[in-house]
Amino acid sequence: MDENFFTEMRESADQEESGLWYSATLYARRVFRYNESQSLLHSSEEQEKWTEDIFYETRKRVIDEFADAFYLTRKEREYWDEMEEINPKPFIYRSTTDVQNLRDTYQFTMTITCLLIAVFLSGSFAGESEDKTDALIYSSKYGHKYAVATKLMAGCTFSLVIGFMMFLMTHIPVAIFSGLHGLDAPWYMVMPFSVMSVKAWQMLLLHTVVYMLGCILTGLLVMMLSLLLDKSMAAAGMVFTVIVCDLLGSVPTHMRVLSQICYLTPISVLLNSNVPDMRLTKLFGTYLISFQTGSLLYLLCGLLLVIVTVRIFRRRYCWKNDSGS
């Protein structure tokens, strides 16, 4: 995407809506016309001004606007500026429509999977209490010692299985009908305002890791609520409420910590948006992007949920069993 490309683009305004040339010009127009309210180059008269230098300057200006919107620190801005310098220019355009279609499927899959997990696991502990069979099960010699560990392992396994099945059911049709072209393209070709130069397949793999860890975290949360509330409908309803709030609610970005935490939920981090979250997390001198931070956060929260569930279980059943003996 050099000066010759933009010269030909200005001279060839009418192009058929197909082919690599059209995709490349569409990518450029998305940069030029991103924010009309900020007087970026969007009118037909200004198309004559579309040049290579203006293209990269406009892209950088929009990225700087995102940095302002996310209230990035000076160190974070320096990090992204260094990343931008690494990206070779002019860009060599690669068609990434297939990758975009795959990426857009993750949030839908995560949302449906969370709902299914909430429905199926809401009775993992509460169901036995509602059926009045918990006293019989947990009063056995080994019941109260191994039941909670077995249930947690079974719940995590179920969450992984249903997550994997939903992943195949949603992504395989997209891959078949759309294709897999562009997996080796840099990520800034998939998201025009991203400065990450990693390959598209690497980012999709990171999406998948976040998705699977999100399934496990959701399963552990549902089981903890099932034990805590002792009502399967209440546990499922609370998870549904959290999902709705996650999809519809938002926290202003000037509330840095709270906003970043809310954005790191499994559904929000897989959001179908062309606006990348540029906020970083520094860990042992290394900056982590949102997907890396989310993966570590899910592991820590999952471990915390396991500990809380075990403690609730022991207080409720083991104390009764011990006092009755």
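The values are calculated or read from the model by the stated rules, or taken from the named source; none is laboratory data. Just so we're clear, the structure is a prediction, and the values are computed from it rather than from any experiment. Every residue, glycine as well, gets a Cβ built from its backbone with ideal geometry; the counts of neighbours run over all protein chains shown.
Just a few scattered comments:
- Taking first residues from the range 64-79 that are in contact (Cβ under 8 Å) with a residue 60 or more places away in the chain and partners that are assigned to a helix (DSSP H, G or I), the Cβ contacts under 6 Å between residues at least 6 apart in sequence or on separate chains come to ALA67/ARG77; TYR71/ARG256.
- Scanning the range 284-300 finds no residues that are in the same structural domain as ILE112 (by TED's automatic domain parsing), over 20 Å from LEU205 (Cβ atoms) and touching a residue at least 60 places away in the same chain (Cβ under 8 Å).
- Among the residues of this structure, THR218 does not count as one that is β-branched (Val, Ile, Thr) and surrounded by fewer than 22 Cβ atoms within 10 Å (Cβ to Cβ).
- Residue match in the range 159-171 (condition: at pLDDT 90 or above, in a helix (DSSP H, G or I) and touching a Gly at 6+ places or on another chain (Cβ under 6 Å)): yes
- Just so you know, in the range 189-224 the residues that are among the hydroxyl-bearing types (Ser, Thr, Tyr) and within 22 Å of ILE267 (Cα to Cα) include one that is modelled with the lowest pLDDT, and it is SER194.
- When residues in the range 71-102 are screened for being within 30 Å of GLY285 (Cα to Cα) and crowded, with 19+ Cβ neighbours inside 10 Å, 2 of them pass.
- The listed residue being assigned by TED's automatic domain parsing to the domain that holds CYS215, hydroxyl-bearing (Ser, Thr, Tyr) and at pLDDT 65 or above, out of TYR79, TYR56, TYR106: TYR106
- In the range 197-215, of all residues being surrounded by fewer than 19 Cβ atoms within 10 Å (Cβ to Cβ) and of a type in the set (Val, Ile, Thr), the one that is nearest to ILE312 (Cα to Cα) corresponds to VAL209.
- In the range 35-52 there is at least one residue matching the filter, namely being in a helix (DSSP H, G or I), outside the structural domain of MET189 (by TED's automatic domain parsing), crowded, with 17+ Cβ neighbours inside 10 Å and at pLDDT 65 or above.
- Given (1) part of a helix (DSSP H, G or I); (2) buried (at least 21 other Cβ atoms within 10 Å of the Cβ), number of the condition SER194 does not satisfy: (1)
- Among residues of the range 81-93 that are in contact (Cβ under 8 Å) with a residue 40 or more places away in the chain and β-branched (Val, Ile, Thr), those with a Cβ under 8 angstrom from a residue that is part of a loop (DSSP other than H, G, I, E, B) and surrounded by 15 or more Cβ atoms within 10 Å (Cβ to Cβ), sequence gap 6+ or separate chain, pair up as ILE92/MET1.
- Search result, residues across the range 82-103 that are in a helix (DSSP H, G or I), among the β-branched types (Val, Ile, Thr) and either over 23 Å from ILE267 (Cα atoms) or modelled with pLDDT of 90 or more (or both): ILE86
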